[in-house]
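The values are calculated or read from the model by the stated rules, or taken from the named source; none is laboratory data. Only a predicted model underlies this, so the values are computations on that prediction, with no experimental measurement involved. Heads up, the Cβs are rebuilt from the backbone with ideal geometry, glycines too, and the neighbour counts pull from every protein chain shown.
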Amino acid sequence: MHIFKIIRVSIRALGRNKMRTFLTALGIIIGVGAVIAMVSIGTGAKVAVENRFASMGTNLLFVSGGSKNVRGVHSGFGGSQTLTIEDAKAIEEQCPSVSGTSPNASARAQVVYGNKNWNTSVQGVGEKYTDIRKWDVEFGTFFDETHVRGAAKVCVLGSEVKKNLFEDQDPLGMVIRIKKVPFTILGVMKTKGESGGFGSRDDMIVVPYTTVMKRIQKSEFLQSIDVSATASTTTVSAQREIEELLRVRHRIMPGSDDDFSVRNMAEIAEGAADATNILTLLLGSIAAISLLVGGIGIMNIMLVSVTERIREIGIRMSIGAREKDILLQFLAEAIVLSLIGGILGIALGVGVSKLLKYIPIFATITTVVSTGSVLLAFLFSASVGVFFGFYPARKASKLDPIEALRYE
């Protein structure tokens, strides 16, 4: 039988019970749509993470305190305060693969301007922060080395803080209070926006790290040090040089654990990519279960169809139809049913992915519909038709013509 004739007959047979056909295809529609939507969320999360790391540069390293062990309980990296300003200076001056450093001492505080207030992160950084993090000032200026040395009470606002405290008003030269300490505003950072579940990077105030240490934290230790390698290819050598230098400076004996941690951006980006890949696989696998349920629905309906059409099968066999013809006919019906569901499911999945950003609760979620996920879902739906349609089709082809003609 010609393939196009088989398809035409299959569509005519499915059209006899339109509601039953639609309800059967609905399982495939929802399954394919769910797979595309879930994979698009996972892919979007991966892209958002990659963009965030790319915006910070590929030659960035982070030095933080090591793990603190109190009565057998380890606090994890950053739990102990062991880094000093002298450590940051030594790293910049004595490590050939390092081009610059920005010490970090951060806190969270309530910021007040007039009758408005806002709770935000106060980031104490060095004068090279904008170069190391590749984050420019939108208007105004960033503080310089003089401000850092003098622990000046100056700051640069993140765009979200500026919006909440000043709205459309020009904040340059204005004075805000951070923990009752007055700070003069020098500028406003460029908007970075949301970062795929990491929160807004614009909700912060940048001040000299010396000011945070002396006037806000009253501490002699840094929380971390941002380090810029001379190039993306020298991050590994920079990491090794920093580790060797700090072990000497902190008098760590051979075989003893480091009281600091050095991580480069490549390692962090790789770990984040692995995590988002697992998330994508998990979401896709959960959604694929609904495709299997839809396939079982196709098998069930095709078995019912075989039972209803036993006499028809007998007539076809009696006028010369072979087992192969019957097998292909019923298999084609299952495949056509699953492909129609697959096409409608693709439309549903792409539509849901595009509409998610307009729903307030999902506004921060980034979705990316890839061609690969669409093709995978479509091929999977076709495979479902073949797999779950084969048994009913084979059962139909094995009917005895005489018994089929006697069937009432």
Subject >> Test for SER318: is it over 21 Å from PHE22 (Cβ atoms), surrounded by fewer than 19 Cβ atoms within 10 Å (Cβ to Cβ), among the small types (Gly, Ala, Ser) and in contact (Cβ under 8 Å) with a residue 24 or more places away in the chain >> reply: yes
Original post:
Name the pairs whose Cβ atoms lie under 6 Å apart, with the first residue in region 229-246 and touching a residue at least 60 places away in the same chain (Cβ under 8 Å), the second surrounded by fewer than 17 Cβ atoms within 10 Å (Cβ to Cβ), and 6 or more positions between them or separate chains?
Top reply: SER232/THR58; LEU245/GLN94
Subject >> Residue within region 340-352 that is under 14 Å from LEU399 (Cα atoms) and in contact (Cβ under 8 Å) with a residue 40 or more places away in the chain present >> reply: no
**OP:** Please determine, by comparing only the residues of region 222-237 that are hydrophobic (A, V, I, L, M, F, W, C) and at pLDDT 90 or above, which one is nearest to GLY126 (Cα to Cα).
**Re:** ILE225
Subject >> Output for region 202-222, where each listed residue is assigned to a loop (DSSP other than H, G, I, E, B) and under 20 Å from GLN110 (Cβ atoms) >> reply: ASP202, ASP203, LYS218, SER219
Original post:
Any chance region 307-317 includes a residue that's assigned to a loop (DSSP other than H, G, I, E, B) and modelled with pLDDT under 75?
Top reply: yes
**OP:** For region 214-224, state whether one or more residues are in contact (Cβ under 8 Å) with a residue 12 or more places away in the chain and under 26 Å from the mean Cα position of the chain (by Cα).
**Re:** yes
Subject >> Selected residue [more than 20 Å from the chain's Cα centre (by Cα), surrounded by fewer than 15 Cβ atoms within 10 Å (Cβ to Cβ) and either assigned by TED's automatic domain parsing to the domain that holds ILE28 or not in a helix (DSSP H, G or I) (or both)] from ILE289, ILE252 >> reply: ILE289
**OP:** May I ask you to verify whether SER97 is surrounded by 20 or more Cβ atoms within 10 Å (Cβ to Cβ) and more than 21 Å from LYS190 (Cα to Cα)?
**Re:** yes
Original post:
Which of the residues that make up region 290-313 are of a type in the set (Val, Ile, Thr) and touching a residue at least 24 places away in the same chain (Cβ under 8 Å)?
Top reply: VAL293, ILE296, ILE298, ILE301, VAL306, ILE310, ILE313
Subject >> Failed condition for LYS357, given (1) buried (at least 16 other Cβ atoms within 10 Å of the Cβ); (2) among the basic types (Lys, Arg); (3) free of Cβ contacts under 8 Å to residues at least 12 places away in the same chain >> reply: (1)
Subject >> Boolean, ILE301 is under 25 Å from GLY33 (Cβ atoms), among the aliphatic types (A, V, I, L, M) and either crowded, with 21+ Cβ neighbours inside 10 Å or assigned by TED's automatic domain parsing to the domain that holds ILE28 (or both) >> reply: yes
